[in-house]
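The values are calculated or read from the model by the stated rules, or taken from the named source; none is laboratory data. None of these values were measured; they are calculated from a predicted model. Positions of Cβ are generated from backbone atoms using ideal geometry, with glycine treated the same way; all protein chains shown enter the neighbour counts. Side chains included, ligands, DNA and RNA excluded: accessible areas come from the protein's heavy atoms. Shrake-Rupley method; radii C 1.70, N 1.55, O 1.52, S 1.80 Å.
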Amino acid sequence: MTPSAPGDPNDRSPHDQAVAETASWVSGVVARSRSAADPVPGIVAPLEFVVDFAANSQSDAVSVSMANGSVGVAPWAADASGVVTISVRWSEGFQVAGLEPGREIDGWTVSAVAAGRADLEHPSLGRGEPAVAVPALTLVKAGAPDGLDEITARVSGTSDYCRDFTIRGWSRA
């Protein structure tokens, strides 16, 4: 047997080998996270938007609620959002009560209501300001759910750098 040279990989203890593998893995994760930080087309930048959807589906009715949501501006943003719009879209047959143009709900103003959609607007959000709550909405459909049922929420700002981002809240398909 030939003596191994100092630093020979065959001479490593299992602990040293595990440390080397972990370091390699961490290096790969850091490299991937740096490349993932580039802006992705279609993602709202710099708006931060989260919202929960809950569905209750029975043979004679379907209800979908949108709640526990917030919209804010990321701390790294260069500017304010401009007027923020949340557009909620739903499939034929769903109804939402209490939405009339001009009505204010939790700091949001209903700007448009039509068959299958409603738009709510909020004044500009600034960098470093707390996120604002998204109003809770419940949509109801009489009858059994079908494969085309879908509810989505889209948020956008009027600043040049704010692009639309859609959350597919619920779908029967």
For region 92-173, average projected area of the Cα convex hull in nm²
6.4
Please report, in debye to the nearest 20, how large the charge dipole of region 46-159 is about its Cα centre when each Lys and Arg carries +1 at its beta carbon and each Asp and Glu carries -1 there.
100
Quick one: what are the phi-derived ³J(HN,Hα) couplings along region 61-68, Karplus 6.51/-1.76/1.60 with θ = phi - 60°, whole Hz, x for glycine and proline?
6, 9, 10, 10, 10, 10, 7, 6
Skip the ligands, DNA and RNA, and give the accessible area per residue of region 47-173 with a 1.4 Å probe, whole Å².
51
Quick check: convex hull of the Cα atoms in region 46-159, volume per residue, rounded to a whole Å³?
93
Summed side-chain charge close to residue 68 - residues other than residue 68 whose Cβ falls under 15 Å, Lys, Arg +1, Asp, Glu -1
-3
How much of the accessible area of region 46-159, in percent, comes from carbon and sulfur atoms when a 1.4 Å probe is used?
50
